[in-house]
1. On the basis of being within 23 Å of HIS330 (Cβ to Cβ) and not polar (S, T, N, Q), does ALA147 make the cut?
2. Among the helices (runs of 4 or more DSSP H) lying completely within the stretch 182-294, list those that include at least 2 residues that are over 21 Å from TYR6 (Cα atoms).
3. Can you name the number of the only condition in (1) surrounded by 13 or more Cβ atoms within 10 Å (Cβ to Cβ); (2) of a type in the set (D, E, K, R); (3) within 14 Å of ALA378 (Cα to Cα) that ASP281 fails?
4. Among (1) out of contact with any Phe, Trp or Tyr (no Cβ under 7 Å at 6 or more places or on another chain); (2) not in a loop (DSSP other than H, G, I, E, B), which single condition is GLY165 missing?
5. Can you work out which of the residues in the stretch 285-301 that are in contact (Cβ under 8 Å) with a residue 24 or more places away in the chain and surrounded by fewer than 21 Cβ atoms within 10 Å (Cβ to Cβ) is farthest from ILE101 (Cα to Cα)?
6. Tell me, which residue of the stretch 309-335 that is assigned to a helix (DSSP H, G or I) and touching a residue at least 60 places away in the same chain (Cβ under 8 Å) is surrounded by the fewest Cβ atoms within 10 Å (Cβ to Cβ)?
7. Cβ contacts < 7 Å: first residue within 26 Å of SER25 (Cβ to Cβ), restricted to the stretch 250-269; second residue open to solvent by 20 Å² or more (accessible area, probe 1.4 Å) and basic (Lys, Arg), any location; separation 6+ or different chain. Result?
Amino acid sequence: MAFIPYSCQNIDDDDVAAVVAALRSEYVTQGPAVVAFERAFAARHAVEHAVAVANATAALHIGCLAFGVGPGSRVWTSPNSFLSSANCALFCGAAIDFVDIDPATRNLSLDALRIKLEAAAASGELPQVLIPVDFAGLPADLREMRALADRYGFAILEDASHATGASYLGRPVASAWADATVFSFHAVKIVTTAEGGLVATRDAALAQRLRLLRAHGMTRDASEMDGASEGPWYYEQQLLGYNYRLTELQAALGLSQLRRLDTMHEQRIALADRYDRLLADLPLRLPARLPDRVSAWHLYAVEIDAARSPAPRRQVFEALRAAQIGVNVHYIPIHTQPHYRRLGFARGDFPAAENYYAGALSLPLYPALSHAQQDRVAAVLRQALAA
């Protein structure tokens with residue numbers, strides 16, 4: 001019986017040819033492919049600037065730094081995310097805090113955010129940056145967050161690592177509302193560069209700061225130097241940056257993948273729609289559907305409804321894995337991790353995120369998933385939930 005992963009990369013002959021062409025070109029790093037990928041990604045997402053980096057963790061890190069996050073700063077994010085969404089603030093020496101999630105969307109809760117901001121304003125402890133997470137590819141409530149950001153004076157660094165190709169209020173994610181938006185190109189993401197990330201923004205000055213931060217804080221542009229250039233070899237370090245560059249090979253793969261984004265997105269939507277029909281009568285809470293936004297469908301995450309099923313999540317998970325179905329769980333709430341407990345967080349701090357985690361399962365979803373495989377997932381899940 002063939003194993004069905006929860007996700008996997010989608011590589012075709014054009015992708016392979018693009019990488020081979022990059023290998024045979026004059027450049028394998030710091031060449032034209034990265035620029036071409038950035039421009040194509042920015043155009044597809046209707047935003048002026050895109051800065052590609054080594055991975056989305058690096059993108060979140062330099063995103064925080066570009067907003068001036070450092071010791072004494074406060075950053076808020078969702079507890080229902082991968083560790084990077086919070087770690088990026090700690091990398092900068094800032095304080096991190098969380099805002100609980102909406103039980104339906106599993107994204108950061110607007111009501112919880114409003115309450116927390118009112119209390120923070122009264123105590124003088126407002127965040128400098130908010131990092132909302134587009135969980136599973138469903139865009140967060142960015143219009144309302146923008147209004148709150150303008151009122152309270154914080155920046156929005158949207159974590160759209162799951163949301164390449166998603167849309168919100170009729171526009172691609174990254175084109176409006178957030179001050180900057182982070183994307184991931186990990187192997188299991190919508191578009192892959194094997195490893196890779198990107199920060200998109202409409203702000204030219206912010207984009208230039210991001211470019212400096214990804215490459216040692218160094219510039220060869222005479223117009224950006226403190227003094228006169230000493231010759232064609234000359235460069236200046238303007239700030240403390242990092243080696244977070246993307247290679248030409250990765251960019252060539254990403255550019256090739258981007259050409260198929262709409263097709264792959266349509267395939268994910270069709271499979272998600274089909275899951276909705278196959279699982280409609282099971283004791284599960286299915287992913288939210290909202291009329292004003294379109295998910296990228298990076299994940300198809302369900303929750304076991306304990307009130308309607310006697311089967312504990314671990315038993316269901318292990319039954320699926322025993323049947324060679326690679327389910328996963330996204331995510332263990334960040335604040336419950338030992339490192340964050342040592343920072344003062346505790347179980348019970350963000351109950352909606354913890355309640356979601358208690359029943360969460362991510363079912364296989366990727367463009368190459370066949371209907372027969374999907375039927376097998378649904379059948380084994382049905383049997384496991386009845387046990």
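1. No.
2. So the answer is 204-214, 248-258.
3. (1)
4. Against the list (1) out of contact with any Phe, Trp or Tyr (no Cβ under 7 Å at 6 or more places or on another chain); (2) not in a loop (DSSP other than H, G, I, E, B), GLY165 comes up short only on (2).
5. Result: ASP292.
6. So the residue we want is GLN315.
7. LEU258/ARG44; LEU261/ARG44
A quick yes/no check of all residues on (1) modelled with pLDDT under 95; (2) more than 30 Å from VAL20 (Cα to Cα):
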{"site": "ALA222", "(1), (2)": "yes, yes"}
{"site": "GLY227", "(1), (2)": "yes, yes"}
{"site": "GLY231", "(1), (2)": "yes, yes"}
{"site": "TYR244", "(1), (2)": "no, no"}
{"site": "GLN250", "(1), (2)": "no, no"}
{"site": "ASP281", "(1), (2)": "no, yes"}
{"site": "ARG289", "(1), (2)": "no, yes"}
{"site": "VAL294", "(1), (2)": "no, yes"}
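The values are calculated or read from the model by the stated rules, or taken from the named source; none is laboratory data. On a predicted model such as this, the values are computed, not experimentally measured, just so you know. Methodologically, a virtual Cβ is constructed for each residue, glycine included, from the backbone with ideal geometry; neighbour enumeration extends over all protein chains shown. Please note that ligands, DNA and RNA were not included when accessible areas were found on the heavy atoms of the full protein model with its side chains. Shrake-Rupley method; radii C 1.70, N 1.55, O 1.52, S 1.80 Å.
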